[in-house]
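Report on the following structure.
The values are calculated or read from the model by the stated rules, or taken from the named source; none is laboratory data. Keep in mind the model is a prediction, meaning the values are calculated, not measured. Cβ placement follows ideal geometry from the backbone for every residue including glycine, while neighbour counts extend to all protein chains displayed. These area figures cover heavy atoms from the full protein model, side chains too; ligands, DNA and RNA do not enter into them. Shrake-Rupley method; radii C 1.70, N 1.55, O 1.52, S 1.80 Å.
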Amino acid sequence: MKRPEDTLHEAVWLALKLALPPEAVAISHENRQNGPREGARRKKRGCLPGWPDLEIVHAGRHHLIELKTPVGTLSKAQREMHARLTQAGGSVAVCRSVDAVLAHLVACGVPVRARVAA
C-alpha cells in the first residue's frame, strides 16, 4: 500500500535527479518499519532509528532532510536522532514539499538547476 509520504518522497527524488549539479551525491534512506525480523537485521547492520530520509553530499558538506507530509509529525526516534545529529555538528531540515527541499538546498549553498513550476 502506497502511503502519502511515499508520493512526496518520489516527487522529491525525481526533482533531485533533475536539479542537483553533477558533482552532488544524493541517497535515500529507507527507514520504514517492516516488522521485528527486519528491524533486528537492520540493527545488526548499524542502521539507526530516526535517521533522516535523504542525504545530499555537495562540496564536502552533508545535508540531511526529513520528509513529512503537511500533516506528518516527527516520531520520538526522529526527534532524538535529529538532536544527536545537531549536537554532532550536523543539521537536519524537515521539509514538506519539493519546493521546500530545493529552497533549503539553495539556502545551504547547493546550486540547483531547476525550480518547481506551479
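Taking the condition of a type in the set (Phe, Trp, Tyr), at pLDDT 80 or above and touching a strand residue (DSSP E or B) at 6+ places or on another chain (Cβ under 7 Å), does residue 13 pass? Here the answer is yes, as residue 13 does meet what is asked. Within the range 38-49, does at least one residue satisfy the condition of being open to solvent by 30 Å² or more (accessible area, probe 1.4 Å), more than 24 Å from residue 89 (Cα to Cα), of a type outside the set (D, E, K, R) and modelled with pLDDT under 95? Yes - at least one qualifying residue is present in the range 38-49. Of the residues 82, 104, the single one that is of a type outside the set (A, V, I, L, M), in a helix (DSSP H, G or I), modelled with pLDDT of 95 or more and within 24 Å of residue 22 (Cα to Cα) is 104.
Counting only residues that are part of a helix (DSSP H, G or I) and touching a residue at least 40 places away in the same chain (Cβ under 8 Å), which one in the range 86-101 is surrounded by the most Cβ atoms within 10 Å (Cβ to Cβ)?
Here is the first cut: in the range 86-101, the residues part of a helix (DSSP H, G or I) are 86-87, 98-101.
If we keep only those that are touching a residue at least 40 places away in the same chain (Cβ under 8 Å) too, we end up with 98, 101.
Numbers: 98: 20, 101: 26.
Per the criteria, the residue is 101.
Looking only at the range 50-85, filter to residues that are open to solvent by 10 Å² or more (accessible area, probe 1.4 Å) and among the charged types (D, E, K, R); which one of those is nearest to residue 3 (Cα to Cα)? Looking at residues that are open to solvent by 10 Å² or more (accessible area, probe 1.4 Å) and among the charged types (D, E, K, R), I get 68.
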